[in-house]
């Protein structure tokens, strides 16, 4: 297990996120910049699904939702949460083997993941997305802008990207829109597979 995954495993085991603003509520959450028209009756992949909050929103409108998460404990909690909401059109896989089980995806959504993994891991994700995504399938990804590579043991890793690096990563996609968040360093990128 690489140091990034090992760090996330440790953080989750020690309930690092118990009071974190992004993880402390089990409620369905509408994801930013996603239109129902783009996902209606389609197959969606949620990378970094966490406790399943955005997966729950996707389940309302899509044919099927795949989730990917790094920690078995979080996968179990997400499964419990989504099952209690009576959703049946989903499955969540560990990050280390998801590409063996997922195929024919129409829409890929990813938030708060690429800023917390290595650039090598991010490149691997993008390559897998390209293979899993149907022709004309859409991506909706978030990157943190900047030049920092910061890895401190038992803290959330932080990885930032320049626009040039993002363009290189996404060279096999046509970028439709880039939205920059007003209050932080995030770029939300919507594109389509060429």
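The values are calculated or read from the model by the stated rules, or taken from the named source; none is laboratory data. In this text, all values refer to a predicted model and were calculated from it rather than measured experimentally. All Cβ positions, even for glycine, are placed from backbone atoms using ideal geometry, and neighbour counts span all protein chains on display.
Within region 120-147, the residues that satisfy the criterion of being part of a strand (DSSP E or B) and modelled with pLDDT under 95 are 135, 136, 144, 145. Looking only at region 120-155, how many residues end up being closer than 19 Å to residue 50 by Cα and over 16 Å from the mean Cα position of the chain (by Cα)? Residues that pass the stated criteria total 2.
The rows are residues; the columns are (1) under 16 Å from residue 46 (Cβ atoms); (2) in contact (Cβ under 8 Å) with a residue 60 or more places away in the chain.
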residue	(1), (2)
107	yes, yes
123	no, no
128	yes, no
144	no, no
147	no, no
159	no, no
178	no, no
187	no, no
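Of all the listed residues (97, 79), the sole one being in contact with a strand residue (DSSP E or B) (Cβ under 8 Å, 6 or more places away or on another chain), surrounded by fewer than 21 Cβ atoms within 10 Å (Cβ to Cβ) and over 19 Å from residue 31 (Cβ atoms) is 79. Restricting the search to strands (runs of 3 or more DSSP E) fully inside region 1-119 and requiring at least 3 residues that are farther than 23 Å from residue 186 by Cβ, modelled with pLDDT under 90 and under 12 Å from the mean Cα position of the chain (by Cα) gives an empty result. Within region 157-194, take every residue that is part of a loop (DSSP other than H, G, I, E, B) and touching a helix residue (DSSP H, G or I) at 6+ places or on another chain (Cβ under 6 Å) and give me the one that is surrounded by the most Cβ atoms within 10 Å (Cβ to Cβ). Only one residue tops the list, namely 157.
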